[in-house]
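Every number here is computed from the coordinates shown, using simple stated rules; none is lab data. On a predicted model such as this, the values are computed, not experimentally measured, just so you know. Cβ placement follows ideal geometry from the backbone for every residue including glycine, while neighbour counts extend to all protein chains displayed.
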């Protein structure tokens, strides 16, 4: 019975490889992708994310936090946790990819609220928050 879950594991490995490839392409890409927030003169929630990823890959955590602390502290661990959940689900050791019921709703609201709060705070022109802008 272990053969069947092992056959499903390559999907998670392919997803992880795809994320690594996409991140690598973002880091080494000579193109600048347009952003609706930047067009409006604002910093979006993921502004500085590519530079943050590049700094993390270079091993410079303080510089990475300076580019986008939310992505480094919340988004990257969330992606890692979801990849682990995918692998556990495909191996038959997990029941779902996202927490079900009230826990899942609370997690989604906290993540969405944190993203909105991060976006608002990094665009405030008040002194303690100007450090958060890219």
Legend entry - 0 to 90° range, to nearest 10: angle between helix 3-28 axis and the chain longest Cα axis: 20 degrees
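Based solely on its DSSP helices, what 222 nm [θ] is calculated for the chain when runs of n ≥ 4 H residues each add -39,500 (n - 2.57) and the sum is averaged over all residues, nearest 500 deg cm²/dmol? Walk me through the numbers before you get to the answer.
Details: 7 runs with 87 residues, N = 134.
That comes out to -20500 deg cm²/dmol.
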Legend entry - Pairwise FRET efficiency - residue 57 versus residue 82, Cβ, R0 = 25 Å, nearest 0.05: 0.80
Inset, instruction - Report the full-extension gain for the segment residue 35 to residue 127: residue separation times 0.36 nm, less the Cα-Cα distance, to one decimal in nm. - result: 30.6 nm
Inset, instruction - Would you mind ranking 84, 28 by Cβ crowding within 10 Å, fewest neighbours first? - result: 28, 84
Inset, instruction - Estimate the FRET efficiency between residue 110 and residue 19 by the formula 1/(1 + (r/R0)^6), using the beta-carbon distance for r and 22 Å for R0, to the nearest 0.05. - result: 0.45
Legend entry - Inter-label distance, nm, simple model (7 Å from Cα along the C-beta direction), residue 65/residue 96: 3.4 nm
Legend entry - Per residue, the convex hull volume that the Cα atoms of segment 59-134 enclose (Å³): 93 Å³
Inset, instruction - Just rank 52, 46, fewest to most, by other beta-carbon atoms within 10 angstrom. - result: 46, 52
Legend entry - Using alpha-carbon coordinates, inclination of helix 101-122 to the longest axis of the chain, degrees: 20 degrees
